[in-house]
Amino acid sequence: MEFFSIPESVRGFVFDIDHTLYTNEEYGRHQTRVLIESLARERGEDRETTETVVNEYRSEFARKNGGRTPSLGNTFLALGISIETSVRWREENIRPERYLGRNDELATALERLAREYGCVAVTNNPSEVGRRTLRAIGLQAFFIDVIGLDRSGVSKPSPRPFELASSVLGVDAGCIVSVGDRFEVDIEPALAVGMGGVLVTGVDDTVATIAYFLTRMGSAPISSDPNAVEDSEQ
């Protein structure tokens with residue numbers, strides 16, 4: 001994990017979801033596949049042809065923008081698909097509950113973090129897909145809100161989702177830390193609105209990040225007891 005501009009006084013957290021709160025490559029492929037298939041139907045093409053168009057656009061964009069790859073939502077927008085249509089396709093076709101399960105260590109860590117800090121999830125999926133993902137991994141109780149593509153109207157790396165998260169948390173952006181696995185998408189726009197950031201490489205890093213902040217505020221060490229969160233929810 002890598003830290004960027006961590007505030008002296010932290011009062012809230014923004015968490016990315018995909019590859020930050022779970023690790024499941026098959027689910028990632030599922031998301032891309034069903035969205036490409038939706039675009040192919042819209043264009044009257046076979047999936048392979050549409051996938052080539054999408055990959056060529058993203059490669060060309062990266063070439064012109066210092067290696068930065070656009071989100072799939074922004075790619076679809078450039079290909080003539082509105083954000084509203086992207087939201088509908090994602091809500092209709094993405095199925096996190098088929099692929100994801102609970103991570104007890106992360107659940108225990110987030111339960112303890114949520115006792116002291118407000119936590120908001122920010123995702124390029126619609127809010128409902130984000131909520132279903134959090135339910136599938138057993139973390140929904142620890143987030144006060146999910147800011148999705150339908151709420152912000154734009155994909156990360158726009159700073160807009162982070163501004164909305166700050167408003168939901170009710171604290172100044174300068175007291176918030178964003179945690180995510182992609183610098184250009186999860187950290188850079190958060191820094192642009194005044195937040196701190198922690199770049200992680202997956203769930204283990206996320207757990208370690210939470211442990212760091214719990215230790216920093218003098219909380220007890222994270223327990224690996226899977227009953228800890230279950231008891232707290234009863």
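The values are calculated or read from the model by the stated rules, or taken from the named source; none is laboratory data. Owing to the predicted nature of the structure, the values given are computational and were not obtained by experimental measurement. Heads up, the Cβs are rebuilt from the backbone with ideal geometry, glycines too, and the neighbour counts pull from every protein chain shown. Areas reflect the complete protein model, heavy atoms only, side chains present, ligands, DNA and RNA absent. Shrake-Rupley method; radii C 1.70, N 1.55, O 1.52, S 1.80 Å.
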Handout entry: Overall form of the range 69-203 per C-alpha gyration tensor (a/c, 1.5; a/b vs b/c)
Key = oblate
Exercise for the section: Could you do me a favour and compute the accessible area per residue for the chain, 1.4 Å probe, result in Å²? Expected result: 45 Å²
Practice task
Could you work out how far apart the two model spin labels at Glu116 and Arg95 are, taking each label as a point 7 Å from the Cα in the direction of the beta carbon, and quote it in nm?
Solution key: 4.1 nm
Handout entry: Dipole axis of the chain (+1 Lys, Arg; -1 Asp, Glu on Cβ), positive-most option in Gly28, Thr75, Gly148
Key = Thr75
Exercise for the section: Provide the net charge surrounding Ile81, with neighbours chosen by a C-beta distance below 15 Å and charges set as Lys +1, Arg +1, Asp -1, Glu -1. Expected result: -3
Practice task
In a Gaussian network model over the chain where Cα atoms closer than 10 Å are linked, find which of Asn65, Asn93, Asn124 has the largest mean-square fluctuation.
Solution key: Asn65
Problem - Beta bridges by DSSP in the chain, antiparallel share as percent, to the nearest 5 - result: 15 percent
Handout entry: Relative contact order, percent, the range 9-167 [alpha-carbon distance under 8 Å, six or more residues apart]
Key = 27 percent
Exercise for the section: At 0.36 nm per residue, minus the direct Cα-Cα distance, what do Lys64 and Val171 gain on full extension? Give it in nm, one decimal, please. Expected result: 34.8 nm
Exercise for the section: Run the dipole for the chain about the Cα centre, Lys and Arg Cβ at +1, Asp and Glu Cβ at -1, nothing else charged, and hand back the magnitude in debye, nearest 20. Expected result: 460 debye
Problem - Part-to-part distance (alpha-carbon centres) for the range 106-142 and the range 52-105, which is given in Å - result: 21 Å
Handout entry: Length released on extending from Ile6 to Asp104, taking residue separation times 0.36 nm less the Cα-Cα span
Key = 32.6 nm
Completion exercise
Summed over the other residues with a beta carbon less than 10 angstrom from that of Ser152, with K and R at +1 and D and E at -1, the charge totals +1
Exercise for the section: Match the structure shown to one of the listed values (i) 19.2, 64; (ii) 17.9, 58; (iii) 16.7, 55 of Rg and Dmax of the Cα atoms in Å, computed from it, and give that label. Expected result: (ii)
Fill in the blank from the handout: Which of Gly148, Gly180, Gly80 fluctuates most in a GNM of the chain (C-alpha springs under 10 Å)? That residue is Gly80
